[in-house]
């Protein structure tokens, strides 16, 4: 009960990649890079375990970016043909690769990473993949020229990958769909269906993460335009409640999301973001416990997994460590209040 987890990413060591940056370039090459990534995964696992995180991730230490790390191994995508586009409804600009041919997955992308992590932790293991809609929104398309069709092509290859990750030892496969908080009509028309196609046939726990973005300036400024209440979840939660996805990961702490919207998820397990990643202030255990108590007014304890709002890769490593320590400590406080034996 109240098993803790994190959304996915943790800051990379400064010797591996430039710190506090998205799309940070690697500082190693070849075999040294591969070895460095494995070492960073081990450090991320042990950091989470020591902090009391129950369901750990690899911290996305082997990926330069949560979307492009997957796309780099997919045929049909030309990383030599990069263009700058507006993503998330032009919220900010990003340099992205281009789809120039049919999408094909010739080999496993992240299976070795799951095997490595599985061999080095006895905790529950979650692995994150980008969701189909978010992939479509994070590249340029000169081949299909149809967002829905392209999303289902990616759903197909994501499903191939997810099935192998499950076999390799992933207990949870989570699809990250921040685009679900942007393109509400598309979510209804084809986004949920593409997400279910990506998760088709999986026996492990499936999850979808829907947040308001990393704690970077562009996202923080966008949030200021959303008014006194952020009600995007009001559109997506009823759709997810009837979907085949098992868990829904959402943003709560220091947001303007009305927590009563969590009731729209029906019987789904909820990864509730009780750690704010848009601030470098490190929460106390009591701060975290207070958010968990608020969420418990709307989600039964047996269905609640306290988590972070979003990935922490842009944060200083010391700040991220402090935050996950607070997450573990805050959950322990509430467990004791509820009489849950550790």
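The values are calculated or read from the model by the stated rules, or taken from the named source; none is laboratory data. Predicted, not measured: the structure shown is a model, and the values here were computed from it. Don't worry about glycine lacking a Cβ; one is built from the backbone with ideal geometry, like all the others, and counts go over all protein chains shown.
Numerical summary
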{"item": "Options 266, 311, 322, 273; residue that is surrounded by fewer than 21 Cβ atoms within 10 Å (Cβ to Cβ) and out of contact with any helix residue (DSSP H, G or I) (no Cβ under 7 Å at 6 or more places or on another chain)", "result": "322"}
{"item": "Qualifying position, being buried (at least 21 other Cβ atoms within 10 Å of the Cβ), in contact with a helix residue (DSSP H, G or I) (Cβ under 9 Å, 6 or more places away or on another chain) and within 27 Å of residue 332 (Cβ to Cβ), among 297, 283", "result": "283"}
{"item": "Some residue of region 136-144 being out of contact with any strand residue (DSSP E or B) (no Cβ under 8 Å at 6 or more places or on another chain) and buried (at least 22 other Cβ atoms within 10 Å of the Cβ)", "result": "yes"}
{"item": "Filtered residues of region 22-59 (kept if closer than 21 Å to residue 247 by Cβ, assigned to a loop (DSSP other than H, G, I, E, B) and touching a helix residue (DSSP H, G or I) at 6+ places or on another chain (Cβ under 8 Å))", "result": "52, 53, 57, 58, 59"}
{"item": "Meets criteria (assigned to a loop (DSSP other than H, G, I, E, B) and over 20 Å from the mean Cα position of the chain (by Cα)) for residue 267", "result": "yes"}
{"item": "Hits in region 277-298 (condition: in a loop (DSSP other than H, G, I, E, B) and either more than 18 Å from residue 53 (Cα to Cα) or at pLDDT 95 or above (or both))", "result": "278, 279, 280, 281, 282, 283, 284, 297, 298"}
{"item": "Qualifying residue in region 300-309 (condition: assigned to a helix (DSSP H, G or I), more than 19 Å from residue 1 (Cα to Cα) and without any contact (Cβ under 8 Å) to a residue 60 or more places away in the chain)", "result": "no"}
{"item": "Helices (runs of 4 or more DSSP H) enclosed by region 130-237 - at least 2 residues per element that are closer than 16 Å to residue 71 by Cα and at pLDDT 95 or above", "result": "132-136, 147-168"}
{"item": "Selected residue (criterion: modelled with the lowest pLDDT) from residues of region 69-90 that are within 19 Å of the chain's Cα centre (by Cα) and more than 26 Å from residue 121 (Cα to Cα)", "result": "87"}
{"item": "Total residues in region 201-222, condition in contact (Cβ under 8 Å) with a residue 24 or more places away in the chain and more than 24 Å from residue 124 (Cα to Cα)", "result": "9"}
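Results for (1) surrounded by 15 or more Cβ atoms within 10 Å (Cβ to Cβ); (2) without any contact (Cβ under 8 Å) to a residue 60 or more places away in the chain, shown as yes or no for each residue.
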position: 6; (1), (2): yes, no
position: 17; (1), (2): yes, yes
position: 30; (1), (2): no, yes
position: 38; (1), (2): yes, no
position: 59; (1), (2): yes, yes
position: 64; (1), (2): yes, yes
position: 77; (1), (2): yes, no
position: 86; (1), (2): no, yes
position: 97; (1), (2): yes, yes
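This table checks each residue for (1) under 29 Å from residue 54 (Cα atoms); (2) within 15 Å of the chain's Cα centre (by Cα).
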| residue | (1), (2) |
| --- | --- |
| 156 | no, no |
| 161 | yes, no |
| 173 | yes, yes |
| 188 | no, no |
| 204 | yes, no |
| 214 | yes, yes |
